[in-house]
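K.L.:
Just passing along the structure, written as structure tokens.
The values are calculated or read from the model by the stated rules, or taken from the named source; none is laboratory data. Fair warning: this is a prediction, and the values are worked out from it, not measured in the lab. All Cβ positions, even for glycine, are placed from backbone atoms using ideal geometry, and neighbour counts span all protein chains on display. For accessibility, only protein heavy atoms count, side chains too; no ligands or nucleic acids. Shrake-Rupley method; radii C 1.70, N 1.55, O 1.52, S 1.80 Å.
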Amino acid sequence: MSGSRHPSMDRRTLLVAAAAGALATACATAEGLPSGEVAVLGDSTAWEKPMTAAGAAMKSVAALRLVPEVNPSLESFEQIVRSSLRTDKTPDMLKYWSGYRLQDLARTGGIEDLTGQWDKALARGWVDPSLREAFTYRRRVYGLPMNLAYWVIFYNPQVFHEHGIGPPATWDAFLGACGRLKKAGITPLHGTAADRWPSFIWFQEIVSRQDPRFYQDLMNGRARYTDPRAERALRTIASFFDKDWFTPMDLSHTDAAAALVRGTVGMVACGTWLGSTLAAAGGTPGKNVGAFVLPMADPKARPSVVFESSALVATVKGADHDEAVEATGSWLHPAVMRAFSGALQDGCPNPKVAPANPVIKGLAEKVRGDKLWLLNRFWEQGPPELVEATVDDLAGFLLNPSSYRKTLRTMQDRADDAWRVWREAEET
């Protein structure tokens, strides 16, 4: 796939069919599990074993076991959640997104206010306080952070060393590394529209490096895509295309991870959750897998990094509602977090639990030690319908980089409509 979209009628038909079948499957969960077990519905098969590990750890600290249930289709998963919250056939708990997607869910009245659980965890030092905003709607917390992935640049230390390159500490050094890799016959950067959603990655990375305050304002509807700073970001990406620094736009993250380990691709921009994919491709942290935070393009800007954190949510009408709410009180317990993040091989929202992966541990220490400003990921920023459409627009840009001005105008037209609808809903 290279960013193409289904015709609208075909897509609606597929969504309805997928949702109907998946909702029927989910009803077994909604009937409830035996006492002491709580189901958590998610969208990622990669999280099944980590959730099982977390469930076993919770059993030891709270006499409750979390049972993962997975619907790996992103679209049908969202349809299940939306449809079931209006019925009495609701999953007990959800692995969901933070930011505006969580706010959108909170608006339905179908998920529990977890402010008390957050406050208790915070008092024990079990959660990074800077994450609160990403899980808040109208000053109340509606989800607890599950993982803490930083969006970074993965590289192969052996390849860098062979070509006299170190992890760049400045923007100019990053550009120099790209040039040196290209000269050596190595594709410097992974860029992709495969699977559609990754189309936002380089826009997110470039804007947040050039002007993190503008990134925050743009993502929250306080700035415009027609602003010269947005155009500068797309022109920067277009210049990377001009220099032939990118991989083909249909190269998936799985294939890019394997290419990085082989040494045919120099750098891959992704969340730290890619670590497990790199390991599956033969990568060894510190040997042929390393990572660094992309340097600020403007050295005067506030140092920052993009993060991603899924939300653990308890529903109002779940069959095992009381046990689900009780489970949220133990989710951030160090024993549960250690089991979960260790199996996931990613960062942890509990500062008392160090990541098991040494590369990610080093990144977490840098982020906290340097007090980097945490910026929520593009996918979680803004009204969900706007994000979905903007991702498609960015995919089109990646396939035709000279279209950047037209792309920005289209994105702003969408944003005007989407933010008006969002704000009208806020006032009701």
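K.L.:
Determine the sum of side-chain charges near Ser309: Lys and Arg each +1, Asp and Glu each -1, restricted to other residues whose C-beta is under 14 angstrom from that of Ser309. Show your work: numbers first, answer last.
P.N.:
Details: positive: Lys95, Arg101, Arg132, Arg377; negative: Asp128, Glu133, Glu308, Asp346, Glu380.
Residues near Ser309 contribute -1 overall.
K.L.:
Would you kindly work out the equivalent ellipsoid of the range 199-240 from its C-alpha gyration tensor and give its semi-axes, the square roots of five times the eigenvalues, largest first in whole Å?
P.N.:
For the range 199-240, the ellipsoid semi-axes come out as 16, 11, 9 Å.
K.L.:
Report the full-extension gain for the segment Arg124 to Thr170: residue separation times 0.36 nm, less the Cα-Cα distance, to one decimal in nm.
P.N.:
Separation in residues times 0.36 nm, less the Cα-Cα distance, equals 12.8 nm.
K.L.:
Within 10 Å, count the other beta carbons around each residue, average over each peptide in 39-47, 218-226, and list them highest first.
P.N.:
39-47, 218-226
K.L.:
Quick one: the Cα spread of the chain along its three principal axes, in angstroms, biggest first?
P.N.:
Here the spans come out as 62, 45, 38 Å, largest first.
K.L.:
Using each residue's phi in the range 120-130, evaluate 6.51 cos²θ - 1.76 cosθ + 1.60 at θ = phi - 60° and report the 3J(HN,Hα) Karplus result to the nearest Hz, with x for Gly and Pro.
P.N.:
5, 5, 4, 4, 8, x, 9, 8, 6, x, 5
K.L.:
Given 37 °C and 0.692 mPa s, how large is the Stokes-Einstein diffusion coefficient of the range 293-428 in µm²/s, with Rh as the Kirkwood radius over Cα pairs?
P.N.:
Answer, rounded: 176 µm²/s.
K.L.:
What shape does the range 289-337 have by the C-alpha gyration tensor, where a ≥ b ≥ c are the square roots of the eigenvalues, rounded means a/c under 1.5, and otherwise prolate means a/b greater than b/c and oblate the rest?
P.N.:
Prolate shape, in that a/c is at least 1.5 and a/b is the bigger ratio.
K.L.:
Would you mind telling me the share, in percent, of accessible area of the chain contributed by carbon and sulfur at probe 1.4 angstrom? Write out the running numbers ahead of the final one.
P.N.:
Working: 8810 of 17400 Å².
Carbon and sulfur atoms account for 51 percent of the accessible area of the chain.
K.L.:
A further question on this structure: For the range 247-350, what is the convex hull (Cα atoms) projected area averaged across all directions, in square nanometres?
P.N.:
One quarter of the hull surface, i.e. the mean projection, equals 10.4 nm².
K.L.:
Can you put Glu231, Glu162, Glu308 in order of accessible area, largest first, using a 1.4 Å probe?
P.N.:
Details: Glu231 45, Glu162 135, Glu308 20 Å².
So, going from the largest accessible area down, we get Glu162, Glu231, Glu308.
K.L.:
Still on this model: In whole Å, largest first, what are the principal axis extents of the Cα atoms in the range 110-182?
P.N.:
53, 24, 21
K.L.:
Let me ask you something else. List the residues whose amide H sits under 5 Å from the amide H of Ala291, counting only those 5 or more places along or on another chain, with H placed 1.01 Å from N in the peptide plane.
P.N.:
Tyr155
K.L.:
Shifting gears a bit: Using a 1.4 angstrom probe on the protein heavy atoms only, line up Lys366, Lys371, Lys406 by accessible area, largest first.
P.N.:
Lys371, Lys406, Lys366
K.L.:
Residue by residue, what Karplus-based ³J(HN,Hα) values in Hz, rounded to whole numbers, does the range 247-261 have, using 6.51, -1.76 and 1.60 with θ = phi - 60° and x for Gly and Pro?
P.N.:
After applying 6.51 cos²θ - 1.76 cosθ + 1.60, I find 5, x, 6, 9, 7, 6, 5, 4, 5, 5, 4, 5, 5, 5, 5 Hz.
K.L.:
If you roll a 1.4 Å probe over the heavy atoms of the protein chains, what accessible area per residue do you get for the chain, in Å²?
P.N.:
With all protein chains present, the chain gives 41 Å² per residue.
K.L.:
Taking the Cβ-Cβ separation of Ser252 and Thr87 as r and a Förster radius of 51 Å, what is the calculated FRET efficiency to the nearest 0.05?
P.N.:
On the way: r = 36 Å, r/R0 = 0.70.
The computed FRET efficiency comes out at 0.90.
K.L.:
Tell me what the chain gives for mean residue ellipticity at 222 nm when only DSSP H runs of n ≥ 4 count, each as -39,500 (n - 2.57), the sum divided by the residue total, rounded to 500 deg cm²/dmol.
P.N.:
Rounded to the nearest 500, it is -15000 deg cm²/dmol.
K.L.:
Let me ask something else. Rg and Dmax of the range 36-127, using alpha carbons, in Å: what are they?
P.N.:
Every Cα atom of the range 36-127 included, Rg and Dmax give 14.1, 38 Å.
K.L.:
D for the range 311-366, whole µm²/s, Stokes-Einstein with Kirkwood Rh over alpha-carbon pairs at 20 °C and 1.002 mPa s: what number?
P.N.:
On the way: Rh = 12.5 Å.
Translational D for this selection: 172 µm²/s.
K.L.:
Right, here's the next one. Quick one: give the max-minus-min coordinate of the C-alpha atoms of the range 97-223 along each principal axis, largest first, in Å.
P.N.:
Rounded to whole Å, the extents work out to 56, 34, 28 Å.
K.L.:
Further question: Quick one: how many Å² of Asp195 are accessible to a 1.4 Å probe, rounded to 10?
P.N.:
100
K.L.:
If you don't mind, another one. Indicate the gyration tensor shape class of the range 158-250 (rounded, prolate or oblate), computed on the Cα atoms with a ≥ b ≥ c the square roots of the eigenvalues: a/c under 1.5 is rounded; otherwise a/b larger than b/c is prolate and the rest oblate.
P.N.:
prolate
K.L.:
What is the Cα centroid distance between the range 105-131 and the range 172-228, reported in whole angstrom?
P.N.:
32
K.L.:
Oh, and also: Heavy atoms of the protein only, probe of 1.4 Å, neighbouring chains included. What is the accessible area of Ile201 in Å², nearest 10?
P.N.:
10
K.L.:
Could I ask something else about it? Can you list the residues, at least 5 places off or on another chain, whose amide H is less than 5 Å from the amide H of Glu69, using H built in the peptide plane?
P.N.:
Residues meeting the criterion, in which the H sits 1.01 Å from N, are Val40, Leu41, Gly42.
K.L.:
Enumerate the calculated ³J(HN,Hα) couplings along the range 408-419 in order (Karplus 6.51 cos²θ - 1.76 cosθ + 1.60, θ = phi - 60°), each rounded to whole Hz, writing x wherever the residue is Gly or Pro.
P.N.:
Once θ is set to phi - 60°, the couplings for the range 408-419 become 5, 5, 4, 5, 5, 4, 5, 4, 4, 5, 5, 5 Hz.
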